[in-house]
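Read the structure below first, then the notes.
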Amino acid sequence: AGSDGQFAREDAVCAGHFVRGMTKRLANVALNDAARIAALADRHPLIGDVRGRGLMIGVELVRDRQTKERAGTERDAVVMAAFRRGLLVLAAGQNVIRLSPPLVLTREQADIAVGILDESLAEVAANS
């Protein structure tokens, strides 16, 4: 029979393996998401910049990429369009959309979220 200390060490080792596995999976999802969202800028001139750390990604919306004029009204419209489609994104600052998904996000869910963001940006551009 093991002592309480032995069980605590085994629990810590198991937790460490779980965290490393989860971190690796999340890193893959996060890198994929950031790259896919950055690629949306090719189709959506409203996107001025994409930045973030891990799964938290900020998408800066601008009316003009040269002058970097903030697109606050458009940002609000994208937030609402995404919400109507079932995606909750946050308005941050004056013209940034913040995506902050849960740590249990799957690749399939991430794909759906990027698709909804794409559709929402297209809707707002068509109505502007």
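The values are calculated or read from the model by the stated rules, or taken from the named source; none is laboratory data. Owing to the predicted nature of the structure, the values given are computational and were not obtained by experimental measurement. Cβ placement follows ideal geometry from the backbone for every residue including glycine, while neighbour counts extend to all protein chains displayed. Just the protein is used for accessible areas: all its heavy atoms, side chains included, with ligands, DNA and RNA removed. Shrake-Rupley method; radii C 1.70, N 1.55, O 1.52, S 1.80 Å.
Which residue pairs have Cβ atoms closer than 6 Å, lie 6 or more positions apart in sequence or on different chains, and pair a first residue in the stretch 40-65 that is over 16 Å from residue 90 (Cα atoms) with a second residue that is surrounded by 17 or more Cβ atoms within 10 Å (Cβ to Cβ) and polar (S, T, N, Q)?
Partner pairs satisfying both residue conditions: none exist.
Within the bounds of the stretch 57-69, is there any residue that is over 15 Å from residue 117 (Cβ atoms) and of a type in the set (Val, Ile, Thr)?
Yes.
Sort through 100, 128, 120 and tell me the only one that's of a type in the set (S, T, N, Q), on the phi < 0 side of the Ramachandran plot and under 11 Å from the mean Cα position of the chain (by Cα).
None of the others qualify; the one that does is 100.
Which residue pairs have Cβ atoms under 7 Å apart, sit 6 or more places apart or on different chains, and have a first residue in the stretch 92-105 that is assigned to a loop (DSSP other than H, G, I, E, B) and modelled with pLDDT of 95 or more and a second that is open to solvent by less than 40 Å² (accessible area, probe 1.4 Å) and not basic (Lys, Arg)?
94/72; 95/60; 95/61; 95/62; 95/71; 95/72
If I filter the stretch 19-74 down to residues being polar (S, T, N, Q) and at pLDDT 95 or above, which single residue comes out as surrounded by the fewest Cβ atoms within 10 Å (Cβ to Cβ)?
Selected residue: 66.
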